[in-house]
Amino acid sequence: MTSRFLSRAAVGVSFLCGVAMGGVTVTNSQSLWNWRVTNGGQVVGTESFNSFAGFYTTVSSNLGGTTWTASAPNGLYDDLGYMSTNLPDDALTFTFSPGVRAVAGNIFGTDFSFNPVTCIVNVTLSNGTSYEGFTSGPGDFVGFYSTAADITSLSIAAVPLKSGAGVYATIDNLYLAVPAPGAAALIGLAGLATRRRRT
């Protein structure tokens, strides 16, 4: 297995469209996913990963009031705005606190040099809902929308088409359903008004 971190340090199925499973809709249509989010009264928050570079054991950031954390068994490596595993065949996992009603991403596989490769991706949510499909690059989209419980994690595995070919699970953009700015402000004002009444 080839570690991106160690080597760089030394050198310097078919897609589903709108299928519901256990209260979660799975789609490969970004416009449909965006519509579901905005129709549900939220907005799409986007993490592009452009502010990260190099090796990490874990990565955390905040997106619209939700803290997301990325991890992989042997660490992460970010290059070209792509967040990926440091070793091939590792799963790339995101956790969300608090949970979200919708999550999506441009999900695919790469080789050691971050070149996109055709492979199979398996994406699994905290409630067991999963997606499997072919992918060939960062233009490919996988999205989930829950009408039941919040989504608290998403795990990505990239499976090579040829045995012995190492593939790194990779994501270009992470999309989350987050409260609309006006809604967040109203929640804050409601909390302020509640505190005023108690004093």
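The values are calculated or read from the model by the stated rules, or taken from the named source; none is laboratory data. Keep in mind the model is a prediction, meaning the values are calculated, not measured. Here the Cβ positions follow ideal geometry from the backbone for every residue, glycine too, while neighbour counts run over all protein chains shown.
Worth a mention:
- Screening Thr118 against (1) farther than 15 Å from Ile171 by Cβ; (2) touching a helix residue (DSSP H, G or I) at 6+ places or on another chain (Cβ under 7 Å) leaves a single unmet condition, (2).
- The stretch 102-117, subset touching a strand residue (DSSP E or B) at 6+ places or on another chain (Cβ under 7 Å) and farther than 27 Å from Leu63 by Cα, residue surrounded by the fewest Cβ atoms within 10 Å (Cβ to Cβ): Asp111
- Qualifying residue in the stretch 121-142 (condition: over 14 Å from Ile171 (Cβ atoms), aliphatic (A, V, I, L, M), more than 16 Å from the chain's Cα centre (by Cα) and at pLDDT 95 or above): no
- Residue within the stretch 150-172 that is closer than 13 Å to Asp90 by Cα, modelled with pLDDT of 95 or more and not in a strand (DSSP E or B) present: yes
- Matching residues in the stretch 74-100 - criterion: being of a type in the set (D, E, K, R) and assigned to a strand (DSSP E or B): Asp78, Asp79
- Answer residue from the stretch 74-98, given it is within 13 Å of the chain's Cα centre (by Cα) and small (Gly, Ala, Ser) and is surrounded by the most Cβ atoms within 10 Å (Cβ to Cβ) among those: Ser84
- Meets criteria (polar (S, T, N, Q), surrounded by 18 or more Cβ atoms within 10 Å (Cβ to Cβ), touching a Lys or Arg at 6+ places or on another chain (Cβ under 9 Å) and assigned to a strand (DSSP E or B)) for Ser71: no
- Restricting Phe114, Phe108 to those that are within 19 Å of Asp78 (Cβ to Cβ) and not in a strand (DSSP E or B) reduces the list to Phe114.
- Boolean, Thr25 is among the β-branched types (Val, Ile, Thr), surrounded by 19 or more Cβ atoms within 10 Å (Cβ to Cβ) and touching a helix residue (DSSP H, G or I) at 6+ places or on another chain (Cβ under 8 Å): yes
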